[in-house]
Amino acid sequence: MQKNSHYPKQHFHRHCFGFLCLTPIQSPKFLHQPRKHCHLFIRYPGHINIDRRANTLDEHIRQGEIYLQHRGLYGQYQQLKSRKQAAFHEANRAELVLFESAKRYLDTCLNGHTLPLEAWKKERKKLIVERSEFSLEYAAIKEQILDMETIQRVVERILREGKQPQKARGR
């Protein structure tokens, strides 16, 4: 109870009671292992999918920008006659290799459709917002779990203190 030690005891017990009233506790076993049951409070378990999709979009956007950046240079390369292409390719090898790699990557992703770079960027921003909302919700849930663990310790201590005088009377 170090975290809430600045509360007066009565105020803390009132806080615990209020928290217990608002928390959907389905059985007394719930209080014994609150971290085990924290999945009951998580309403959006798709945070892993958000991260995966964001990483995929990051790669799509990166490859799309490389493609657009070097598309003009590749067009110049293709317009040259075959004798001059070799020298041009050697002079611009890194850019042409990046372009060809991005083109292969995007061909596998797009299946013949046009490059939706702006749509990917919008979706990425939306995912960032969704992820931050999830993070805030997760922080609140984590705080609730910590409160539940504190309540569990307080209840167990009260129960132990309640049993001790009875044992003394019986002896």
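Read-outs throughout are calculated quantities, based only on the coordinates presented, and are distinct from any laboratory measurement. This structure is a prediction, so every number in the text was calculated from the model and none was measured. A quick note on method: Cβ atoms are made from the backbone with ideal geometry, for glycine too, and the neighbour counts reach across all protein chains shown.
Please list log₁₀ I(q)/I(0) at q = 0.13 Å⁻¹ for segment 93-171, using the Debye equation with identical point scatterers on the alpha-carbon positions. Cα-only, vacuum Debye calculation for segment 93-171: -0.72. Its Cα gyration tensor gives segment 42-147 an equivalent ellipsoid; the semi-axes, largest first and in whole Å, are 44, 12, 9. In sequence order, segment 156-162 has phi-based couplings of 4, 5, 5, 5, 5, 5, x Hz under the Karplus curve 6.51 cos²θ - 1.76 cosθ + 1.60, θ = phi - 60°, and Gly or Pro positions carry x. Highest average first, the peptides 99-106, 83-90 ordered by how many other beta carbon atoms sit within 10 Å of their residues are 99-106, 83-90.
Listing Asp107, Asp51, Asp147 from fewest to most neighbouring C-beta atoms within 10 Å gives Asp107, Asp51, Asp147.
Here the 3J(HN,Hα) profile of segment 135-140, calculated from phi with Karplus coefficients 6.51, -1.76 and 1.60 at θ = phi - 60°, is 4, 5, 5, 5, 4, 5 Hz, Gly and Pro shown as x. Please work out how many pairs of lysine residues in segment 62-171 are eight or more positions apart (or on different chains) and have Cα atoms closer than 27 angstrom. Close lysine pairs under the 27 Å cut-off: 8.
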